[in-house]
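The values are calculated or read from the model by the stated rules, or taken from the named source; none is laboratory data. If you're wondering where the values come from, they're calculated on a predicted model, not measured in any experiment. Cβ placement follows ideal geometry from the backbone for every residue including glycine, while neighbour counts extend to all protein chains displayed. These area figures cover heavy atoms from the full protein model, side chains too; ligands, DNA and RNA do not enter into them. Shrake-Rupley method; radii C 1.70, N 1.55, O 1.52, S 1.80 Å.
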Amino acid sequence: IVLSDIHLGTSGSKAKEVTNFLKQHTCDTLILNGDIIDGWQLQKYGKWKKAHTKFFKKVIKMAEHNKTQ
């Protein structure tokens, strides 16, 4: 699975939808290809949400699971 342009830190981020997608799919390799966090918008407007944290928790859980296999 390759993910890009999620733009965490913006109000238009689809973090919840991407997290739900990851919950429904498994993969051997997860590639975060860029623009995962939108630092410019985050710094300017401070729009970090719980859904953004949940996305990273899911990614870490996937990484830990793959590491044990």
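Computed over neighbours whose Cβ is under 15 Å from that of H25, the net charge equals +1, Lys and Arg +1, Asp and Glu -1. Its Cα centre serving as origin, the chain has a Cβ charge dipole (Lys and Arg +1, Asp and Glu -1) of approximately 420 debye. Surface composition of the chain: carbon plus sulfur atoms hold 52% of the accessible area, using a 1.4 angstrom probe and ignoring ligands, DNA and RNA.
Less than 5 angstrom separates the built amide H of L8 from those of I37, D38, all sequence-distant by 5 or more or on a different chain. Using the Karplus relation 6.51 cos²θ - 1.76 cosθ + 1.60 with θ = phi - 60°, the per-residue 3J(HN,Hα) values for the range 25-35 come to 10, 10, 7, 7, 9, 10, 10, 9, 8, x, 6 Hz, with x marking Gly and Pro.
With only the Cα atoms considered, the chain has a convex hull volume of 75 Å³ per residue.
Which lysines, on any chain, are close to K61 with Cα under 17 Å apart, when same-chain ones fewer than 8 places away are left out? Once the sequence-local lysines are set aside, what remains near K61 is K16, K23, K50. Helices in the chain, meaning DSSP H runs of at least 4 residues, each add -39500 (n - 2.57). Divided by all residues, the mean residue ellipticity at 222 nm is -16000 deg cm²/dmol.
Peptides 41-50, 10-19 ranked from most to least packed by the mean count of surrounding Cβ atoms within 10 Å: 10-19, 41-50. Relative to the dominant Cα principal axis of the chain, helix 50-68 is inclined by about 20°. Using the charge dipole of the chain (Lys, Arg: +1 at Cβ; Asp, Glu: -1 at Cβ; taken about the Cα centre), state which of T68, F56, V2 has its Cα farthest towards the positive end. The listed residue farthest towards the positive side: F56.
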